[in-house]
1. Given (1) under 30 Å from Trp157 (Cα atoms); (2) at pLDDT below 95; (3) not small (Gly, Ala, Ser), identify the lone condition not met by Leu212.
2. Tell me which helices (runs of 4 or more DSSP H) are completely within the range 36-114 and hold 2 or more residues being under 18 Å from Leu146 (Cα atoms), or say none if there are none.
3. Looking at Thr267 and the list (1) at pLDDT below 95; (2) surrounded by 14 or more Cβ atoms within 10 Å (Cβ to Cβ), which single condition is not satisfied?
4. Among the residues of the range 124-140, how many are surrounded by 19 or more Cβ atoms within 10 Å (Cβ to Cβ) and over 18 Å from Lys170 (Cβ atoms)?
5. Go over the candidates Ala162, Ala203 one by one and state the one that is more than 20 Å from Phe84 (Cβ to Cβ), surrounded by 17 or more Cβ atoms within 10 Å (Cβ to Cβ), out of contact with any Lys or Arg (no Cβ under 9 Å at 6 or more places or on another chain) and aliphatic (A, V, I, L, M).
6. Considering Arg88, Arg79, which residue is under 16 Å from Ile100 (Cα atoms) and either modelled with pLDDT under 95 or open to solvent by 40 Å² or more (accessible area, probe 1.4 Å) (or both)?
7. Can you list residue pairs whose Cβ atoms sit under 6 Å apart, with the first residue in the range 153-173 being under 21 Å from Asn122 (Cβ atoms) and in a loop (DSSP other than H, G, I, E, B) and the second being modelled with pLDDT of 95 or more and not hydrophobic (A, V, I, L, M, F, W, C)? Count only pairs 6 or more apart in sequence or on different chains.
Amino acid sequence: MMITSRITISLVAACFFGAASFAPAKEKAPAKEKAAGGGTSEYAKGIQLLDSKQYEQAAQEFTRAILANGKQPAFYEGRGFANFELQRYPEAGDDFSKAIELSPKDMRAYVGRSQVFLQQKNYQQALADTEKALEIKPDEVAAIKLRGFAELGLSQWDKAVADFTAAIQKKPDDLQTYDRRALAYRGLKNFDGAIADYTFLLAKNPNDTEALTKRGYTYSLMGEYEKAIPDYQAALKLNPQDSDTFSRLQWTQGQLAAKNAPPPAATTTTTTTTAPTATPEKPSLFTQIKPLYIVIGIVVLIVIAVIVRLLTRGKAEETSHIIR
């Protein structure tokens with residue numbers, strides 16, 4: 001059971017969230033800001049740096065834009081995504097909140113802040129932000145997918161499956177969504193659904209060690225150890241140093257051996273024979289005289305003695321004829 005628990009924990013941690021955020025695409029500076037003339041060039045440069053994954057420099061440019069014009073929600077939103085990529089989650093959350101304060105209909109800021117809440121494991125708030133984003137733009141794939149993440153965190157497996165399925169229909173080439181849906185299927189104990197998603201991922205990339213390990217684990221949950229073992233072995237062939245997968249393989253092999261072990265031999269019934277009774281010895285003459293008879297005999301003798309004494313008490317003693 002300890003191995004099983006460790007497998008569960010490690011798999012859930014590994015397949016929840018990716019590192020990449022849903023950063024904003026390139027966009028023009030807001031019309032009002034353009035008219036005011038403050039921060040336009042800094043914001044545009046920040047977007048370029050964000051696209052090229054130079055997050056620190058991007059954050060600096062967005063800060064310059066904010067200093068030039070602190071009333072533009074897009075500037076805070078851009079810096080929020082840069083801070084998120086730098087794993088500065090509190091700062092990113094503050095930036096997205098400021099963008100929402102300045103523009104309550106800023107769908108992208110809700111999407112960004114929901115990711116911060118997910119990283120902080122505040123799933124209820126993440127769910128609220130994604131739902132707000134979907135009120136503003138109902139077909140936003142990023143918001144649908146992130147809502148599925150929040151539902152995973154809240155163990156709302158059936159809702160997560162529905163959201164991931166909707167996201168796949170809109171964006172079928174997003175392989176990460178299949179992985180997350182498989183996790184939700186496992187939560188519902190729909191192991192066949194999970195196996196199908198992992199098999200799809202492996203068809204796209206046969207060397208996906210995570211998909212191999214997760215499918216192997218799913219097979220082990222089904223008790224199909226003979227199918228789990230080849231997946232673990234294939235994953236170890238690709239990554240021989242993976243000690244966790246090696247432990248899972250050993251555990252699964254042990255379970256399969258126990259499953260295939262022959263039943264214990266039936267207990268042989270032993271026929272108990274009664275030992276022959278010894279022939280009793282012939283009693284001696286002394287042993288045949290019962291104690292009761294002895295007592296009776298003694299009593300009779302005593303009675304006779306008493307009677308004789310009583311009869312002889314009254315007689316005169318015979319005198320000698322010799323004169324003294």
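1. The one condition Leu212 does not meet is (2).
2. Details: elements: 40-51, 55-68, 73-85, 89-102.
Helices (runs of 4 or more DSSP H) meeting the threshold: 73-85, 89-102.
3. (2)
4. We begin by selecting, within the range 124-140, every residue surrounded by 19 or more Cβ atoms within 10 Å (Cβ to Cβ); these are 126-127, 129-130, 132-134, 140.
Next, only the ones that are over 18 Å from Lys170 (Cβ atoms) stay: 126-127, 129, 132.
Residues flagged as surrounded by 19 or more Cβ atoms within 10 Å (Cβ to Cβ) and over 18 Å from Lys170 (Cβ atoms) within the range 124-140 amount to 4.
5. Numbers: Ala203 fails: surrounded by 17 or more Cβ atoms within 10 Å (Cβ to Cβ).
Of Ala162, Ala203, the one residue that is more than 20 Å from Phe84 (Cβ to Cβ), surrounded by 17 or more Cβ atoms within 10 Å (Cβ to Cβ), out of contact with any Lys or Arg (no Cβ under 9 Å at 6 or more places or on another chain) and aliphatic (A, V, I, L, M) is Ala162.
6. On the way: Arg88 fails: under 16 Å from Ile100 (Cα atoms).
On inspection, the qualifying residue turns out to be Arg79.
7. If the second residue must be modelled with pLDDT of 95 or more and not hydrophobic (A, V, I, L, M, F, W, C), the pairs left are Leu154/Tyr123.
Residue-wise test of (1) under 21 Å from Lys259 (Cβ atoms); (2) outside any helix (DSSP H, G or I); (3) among the aliphatic types (A, V, I, L, M).
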{"site": "Asp192", "(1), (2), (3)": "yes, no, no"}
{"site": "Ala196", "(1), (2), (3)": "no, no, yes"}
{"site": "Thr199", "(1), (2), (3)": "no, no, no"}
{"site": "Ala203", "(1), (2), (3)": "no, no, yes"}
{"site": "Pro206", "(1), (2), (3)": "no, yes, no"}
{"site": "Gly223", "(1), (2), (3)": "yes, yes, no"}
{"site": "Lys227", "(1), (2), (3)": "yes, no, no"}
{"site": "Asp231", "(1), (2), (3)": "yes, no, no"}
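The values are calculated or read from the model by the stated rules, or taken from the named source; none is laboratory data. Since the model is a prediction, treat every value here as computed from it, not as a measurement. In this analysis, Cβ positions are derived from the backbone assuming ideal geometry, glycine residues included, and neighbour counts consider all displayed protein chains. All accessible areas refer to the heavy atoms of the entire protein, side chains included, with ligands and DNA or RNA removed. Shrake-Rupley method; radii C 1.70, N 1.55, O 1.52, S 1.80 Å.
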